[in-house]
Amino acid sequence: MPLSSGGTTPPPRRLNVAVVGSGPAGLYTAEALVKQAALLPSSLDVRVDVLDRLPTPYGLVRYGVAPDHKSIKSVANYLRRVLESPGVTFIGGVHFGTDVTRDDLLSAYDAVVYATGAMRDRRLGIAGEELPGSHAATDFVNWYCGHPDVGPDAFSLDAESVAVIGVGNVAVDVARILARDAAELENTDIPEPVMDALRSSKVREVHVIGRRGPAYAKFTTKELRELGELGGVLVSTDPAEVDLEDGFDASGESVALAAADRRVRGNLVAMAAWPTAGLPAESAGQGRKLRLRFWLRPAEILESASGAVGGLRLERTRIDESGAFVGTGEFETLDTQLVLRSVGYQSVPLPGVPFDTRTYTVPNANGRVLSETREPLPGEYVAGWLKRGPTGVIGTNKADAAETVQALLADLAGGPALSEGKLPRPGLLRLPDRDELPEPQDPAGGSVVRTGVHAVLAARGVQPISYTDWLRISAAEEDLAASLGRGERVKLPHREAIWSAARPNW
């Protein structure tokens with residue numbers, strides 16, 4: 001529409017986008033859509049519906065970050081501002097594939113962005129993995145983070161010895177929660193039934209086990225230092241297992257990694273400050289013990305007389321002169337009653353959406369979903385771990401989402417292509433201050449007339465959770481914390497409590 005003689009600006013074009021997943025990847029995508037659209041040479045009104053199967057937003061930030069890492073969990077405050085920005089709507093409690101389908105969304109929106117993350121642990125593939133007492137670390141993390149998929153009675157912590165398999169930050173988080181004095185967790189948002197289990201925990205030893213040496217470990221130096229600072233916990237290593245030169249790596253690659261990577265050097269310095277094997281006898285009965293073990297590969301989870309986990313058989317490993325990672329044929333058995341595996345995540349396929357079963361990702365080019373013939377599928381995009389695999393930290397999703405959104409706007413709104421210049425810097429445009437934001441509008445409450453997915457859900461009798469409903473859940477958690485004297489927020493203990501808080505009059 002041309003400008004009128006009076007200088008009237010034509011109304012902006014409208015672009016309706018559905019984002020599936022309200023974790024960091026999904027909400028950074030919503031933010032990038034709003035910000036990058038504002039940079040386009042012609043006006044574009046972007047409306048973003050953020051869908052999630054859970055009644056609560058924030059995904060990994062809410063249900064994956066350790067509760068004693070409050071600085072990381074504060075990312076939720078930033079993501080909240082994204083949900084409250086004009087044009088962004090939260091639609092929770094909606095299952096993709098049942099409540100709405102791929103075809104439903106493609107019919108209702110100009111574009112769909114899949115951002116459901118990676119929610120499944122990789123398996124060890126060893127005998128005994130199915131025994132009671134053998135669990136995915138994500139199940140344990142979901143338990144202490146109050147995820148509604150895991151009941152508050154899922155873990156009892158009757159085991160005295162626990163083996164955590166894996167040497168990434170999740171494994172370290174799990175080990176720290178198990179070893180830490182429960183009193184130090186009282187001011188976190190851990191659900192009260194979980195706190196009861198932690199208060200009565202019988203765990204006395206935690207073993208963190210890596211197949212390779214410390215130079216190959218994925219944890220960060222900050223995480224290791226936190227382990228060494230745990231009050232009343234004796235943290236130790238085996239001197240031979242952390243020796244890079246005379247240990248189990250004959251190729252010299254461990255030494256080269258330490259020389260090239262500052263993080264590896266920082267990790268080694270942190271571990272060097274801890275005691276080593278051969279601890280003095282007087283320390284034997286003091287508090288809990290946490291030991292990092294390297295060059296050990298799980299071979300079998302042993303069964304106890306009661307039919308549960310009774311031990312873990314480990315094979316010594318090494319890297320030979322040619323650089324090959326091999327087993328040595330030497331074994332040891334760890335007396336343990338609980339095994340938690342943390343050896344990586346995998347995304348799960350979304351119904352009807354292309355999926356690569358080799359990489360556990362949606363095939364894509366710069367975020368554009370590709371068909372079996374490697375052609376971009378119109379209107380379909382992907383972001384986050386579902387796009388690139390479980391790599392990076394929470395902040396990595398910002399640049400990742402910005403790339404996907406630039407591709408989307410180039411396809412649908414005449415935006416610049418990736419080859420036409422640098423990606424717009426994440427955070428380039430400031431979101432409105434909180435007091436400038438309009439009151440959240442509730443599509444379910446009838447204050448806004450919406451089409452698209454709301455019509456589909458209504459036809460199927462699905463009443464989604466709105467942002468207003470989520471605010472009721474959040475307020476209930478704050479009230480619960482106040483009543484228990486436990487900090488700012490305590491998560492509601494199970495799914496029924498969450499839904500009751502969202503809709504108290506149902």
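The values are calculated or read from the model by the stated rules, or taken from the named source; none is laboratory data. The shown structure was predicted, so the numbers you read here are calculated from the model rather than taken from an experiment. Glycine also receives a Cβ, built like all others from the backbone with ideal geometry; neighbour counts cover every protein chain displayed. When the accessible area is computed, the model is the full protein with side chains, heavy atoms only, and any ligands, DNA or RNA have been set aside. Shrake-Rupley method; radii C 1.70, N 1.55, O 1.52, S 1.80 Å.
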Check on VAL339, open to solvent by less than 20 Å² (accessible area, probe 1.4 Å) and under 22 Å from the mean Cα position of the chain (by Cα) | yes
Among the residues of the stretch 27-70, count how many are surrounded by 21 or more Cβ atoms within 10 Å (Cβ to Cβ), farther than 22 Å from VAL490 by Cβ and small (Gly, Ala, Ser).
-> 3
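This table checks each residue for (1) touching a Gly at 6+ places or on another chain (Cβ under 8 Å); (2) open to solvent by less than 10 Å² (accessible area, probe 1.4 Å); (3) within 16 Å of ALA115 (Cβ to Cβ).
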site	(1), (2), (3)
ASN364	no, no, yes
ALA383	yes, yes, yes
GLY389	no, yes, yes
LEU409	yes, yes, no
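Residue-by-condition table, conditions (1) touching a Pro at 6+ places or on another chain (Cβ under 9 Å); (2) part of a loop (DSSP other than H, G, I, E, B); (3) open to solvent by 60 Å² or more (accessible area, probe 1.4 Å); (4) on the phi < 0 side of the Ramachandran plot:
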{"site": "PRO351", "(1), (2), (3), (4)": "no, yes, yes, yes"}
{"site": "ARG358", "(1), (2), (3), (4)": "no, yes, yes, yes"}
{"site": "PRO378", "(1), (2), (3), (4)": "no, no, yes, yes"}
{"site": "GLY392", "(1), (2), (3), (4)": "no, yes, no, no"}
With the checklist (1) modelled with pLDDT of 95 or more; (2) closer than 30 Å to LEU480 by Cα; (3) touching a helix residue (DSSP H, G or I) at 6+ places or on another chain (Cβ under 7 Å) in hand, flag the one item GLU226 doesn't pass.
-> (1)
Near pairs, Cβ below 6 angstrom, 6+ apart or cross-chain, from the stretch 132-143 (on the phi > 0 side of the Ramachandran plot) to any residue that is small (Gly, Ala, Ser) and at pLDDT 95 or above = GLY133/ALA308
ASP99 being over 19 Å from ASN16 (Cα atoms) and modelled with pLDDT of 95 or more = yes
Of the residues in the stretch 467-506, those that are modelled with pLDDT of 95 or more, open to solvent by less than 40 Å² (accessible area, probe 1.4 Å) and part of a loop (DSSP other than H, G, I, E, B) come to ARG486, VAL490, LYS491, LEU492
Residues of the stretch 209-228 being over 20 Å from the mean Cα position of the chain (by Cα) and among the β-branched types (Val, Ile, Thr), in sequence order, are ILE209
Please work out which one of (1) buried (at least 19 other Cβ atoms within 10 Å of the Cβ); (2) over 19 Å from LEU350 (Cα atoms) is the condition VAL112 fails and give its number.
-> (2)
Pairs where the first residue, in the stretch 333-357, is free of Cβ contacts under 8 Å to residues at least 24 places away in the same chain and the second is open to solvent by less than 30 Å² (accessible area, probe 1.4 Å) and assigned to a loop (DSSP other than H, G, I, E, B), C-beta under 7 Å, 6+ apart = PRO354/VAL362; PRO354/PRO363; PRO354/SER371; PHE355/VAL362; ASP356/PRO363
Return yes or no: is PRO214 at pLDDT 95 or above and crowded, with 20+ Cβ neighbours inside 10 Å?
-> yes
Report yes if ALA259 is open to solvent by 50 Å² or more (accessible area, probe 1.4 Å), under 17 Å from GLU245 (Cα atoms) and at pLDDT 95 or above, otherwise no.
-> yes
Could you tell me whether any residue of the stretch 121-130 is touching a residue at least 24 places away in the same chain (Cβ under 8 Å) and either touching a helix residue (DSSP H, G or I) at 6+ places or on another chain (Cβ under 7 Å) or within 20 Å of ALA458 (Cα to Cα) (or both)?
-> yes
Which of the residues that make up the stretch 121-152 are open to solvent by 30 Å² or more (accessible area, probe 1.4 Å) and outside any loop (DSSP other than H, G, I, E, B)?
-> ALA127, HIS135, ASP139, ASN142
Count of residues meeting criterion [closer than 30 Å to SER156 by Cβ, part of a strand (DSSP E or B) and out of contact with any Lys or Arg (no Cβ under 9 Å at 6 or more places or on another chain)] in the stretch 312-349 | 5
Any chance the stretch 276-298 includes a residue that's of a type in the set (A, V, I, L, M, F, W, C), within 29 Å of LYS222 (Cα to Cα), free of Cβ contacts under 8 Å to residues at least 24 places away in the same chain and not in a strand (DSSP E or B)?
-> yes
How many of the residues in the stretch 156-167 are surrounded by 21 or more Cβ atoms within 10 Å (Cβ to Cβ) and either assigned to a loop (DSSP other than H, G, I, E, B) or at positive phi (or both)?
-> 3
